[in-house]
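Below is one structure, written out as structure tokens; comments come after it.
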Amino acid sequence: MNVIANIDTVMEMAYVKVEAYMTTPHSAADLAQLEATIVASIIPMLSGGAVAEVAADEAMLTAAAAEFANEAVPYLTDAVSGAAKLRSLAPKLLTQLTTEGVDTINVAAAAAKSSDVAVTVVADAVETGAIDAVDAGQVMRVVDSAKSIGFKSAEEIKQHAGVLERWSSNFKSLKTEEAAVVNAGFEQAPYLVGTKVIEFETTAAESFVRVHGPNNVARSWVMRESDIAGLSAPEIAAKFNIRDVPSQLSRVDIPAGVKVRTGIVGPNGFGNAKGAVQYEILMPDIPESWFQPIRSF
Amino acid sequence: MFKLVSADSIEIGGKVISFPCSISGYHRNNPSIVQNGGLTIVNFYPYTETETKSFGNVDKERNIWAFDTQGNLVWMVNPPTIRPYDSNPYTSVFIKDGKVFGGNWCGYDFEINITDGAVTLPKNQGRPW
């Protein structure tokens, strides 16, 4: 299942939870539990960073918040002592979503709390069979990767889904730059304009591959082996907008402590493909022995 | 004519010439040495971590050297005209369509003027790779 689709699923489940609380009569204990749930889970989740589908579902969530404020709170007002706090929480949520708008939510701050929330929601999703454990793991990797890189909006996460899905716990993010800024250093643009390029440092060994010919073995551009699996040499050239169809494949094992950039391939003077994820070893003087031949095409 | 002596040395006109590190491609049985216009043109580039230290003792962006038939140094290649990194060494030298090119770490193939080692980047080369 697509990871981003999984995130949609998780957010939908969160929404269902809110809805359930709105439509079910509650005892005092229920209300106390509801208060705890909102404080610990729903608000930070709706605040954005966690699952980051908030922007896409802004209308739905705003409507949910409005319903919550207009219907659930009056109902709760007649209930027990916990209602007063709930009444203050619901408008706050409504204000966040309607007045400040989703884009103005401090997603970075929310993201700092998001992992714990996401763990809970994803665990629920697995328990109910909405997603399986493997997909849940992928969702969590995306959530954690986005947090690690510092992506601050749902749009960024969607736009860089490929980068996030390939992000490793062995990558320590150093900085992000606009692709246009990085491209300016080159004669023809390697990165997709409008996206971000992330510079990171390896904290443990990571394996990549490089496709090349006889005269361009040791160079900075590499990719994940899984991204060329099953592709012919011309298909690889087309996918990455490479001028010369490669004739050889080498493994590139990068040790800890190496600076690398990653980003999305964009159209250039040679090809119009976009979307492939590439890596660029930034450290010069990388020994040629790092490039070990695997096979010829 | 030249004769390969070791990973980091060749013999031209009876003179043994040593380089700061391995001749690139030597360990893949594809040493980066071409002959054009009476010159023997050699690219050297570190093969091991140890060699990166000795490589640091020379101008790393001029690491293609040309020799005449007596083994005299005629020129060292000019640095790349596009330099996206702090250091942009050449990692290969080769002949294509009768012209000599120096390929470098950041992914460009620069055409080398064999009279003086000046470089130009051909148009429509495509993205660096």
Can you name the residue in the stretch A:200-224 that is of a type in the set (S, T, N, Q) and assigned to a strand (DSSP E or B) and is also farthest from the other protein chains (Cβ to nearest Cβ) among such residues?
-> A:S207
Run down A:R295, A:R251 and say which single residue is surrounded by fewer than 19 Cβ atoms within 10 Å (Cβ to Cβ), farther than 25 Å from B:R83 by Cβ and either within 13 Å of another protein chain (Cβ to nearest Cβ) or in contact with a Leu (Cβ under 7 Å, 6 or more places away or on another chain) (or both).
-> A:R295
Name the residue, out of A:V245, A:V197, that is within 14 Å of chain B (Cβ to nearest Cβ) and under 21 Å from B:S92 (Cα atoms).
-> A:V245
Looking only at residues in the stretch A:177-219 that are closer than 26 Å to B:P80 by Cα and of a type in the set (V, I, T), which one is farthest from the chain's Cα centre (by Cα)?
-> A:V217
From A:F171, A:F151, residue being over 22 Å from A:I242 (Cα atoms), in contact with a Ser or Thr (Cβ under 7 Å, 6 or more places away or on another chain), crowded, with 17+ Cβ neighbours inside 10 Å and more than 14 Å from chain B (Cβ to nearest Cβ) | A:F171
Residues of the stretch A:276-296 being at pLDDT 95 or above, within 24 Å of B:C21 (Cα to Cα) and of a type in the set (V, I, T), which ones?
-> A:I281
Under the condition of being of a type outside the set (A, V, I, L, M, F, W, C) and touching a Gly at 6+ places or on another chain (Cβ under 9 Å), which residue from the stretch B:11-38 is surrounded by the fewest Cβ atoms within 10 Å (Cβ to Cβ)?
-> B:G14
Residue check, A:I264 farther than 19 Å from B:W105 by Cα, in contact with a His (Cβ under 9 Å, 6 or more places away or on another chain) and crowded, with 18+ Cβ neighbours inside 10 Å = yes
Index of the failed condition, B:I95 passing every other in (1) in contact with a strand residue (DSSP E or B) (Cβ under 7 Å, 6 or more places away or on another chain); (2) within 30 Å of A:A179 (Cβ to Cβ) | (2)
Residue within the stretch A:156-163 that is basic (K, R) and surrounded by fewer than 22 Cβ atoms within 10 Å (Cβ to Cβ) present | yes
Per-region count, the stretch A:262-275, residues modelled with pLDDT of 95 or more and more than 10 Å from chain B (Cβ to nearest Cβ) | 3
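The values are calculated or read from the model by the stated rules, or taken from the named source; none is laboratory data. What you see is a predicted model, and the numbers here were worked out from it, not measured in a lab. Because the Cβ atoms are built from the backbone with ideal geometry, glycine has one as well, and the counts that use them run over all protein chains shown.
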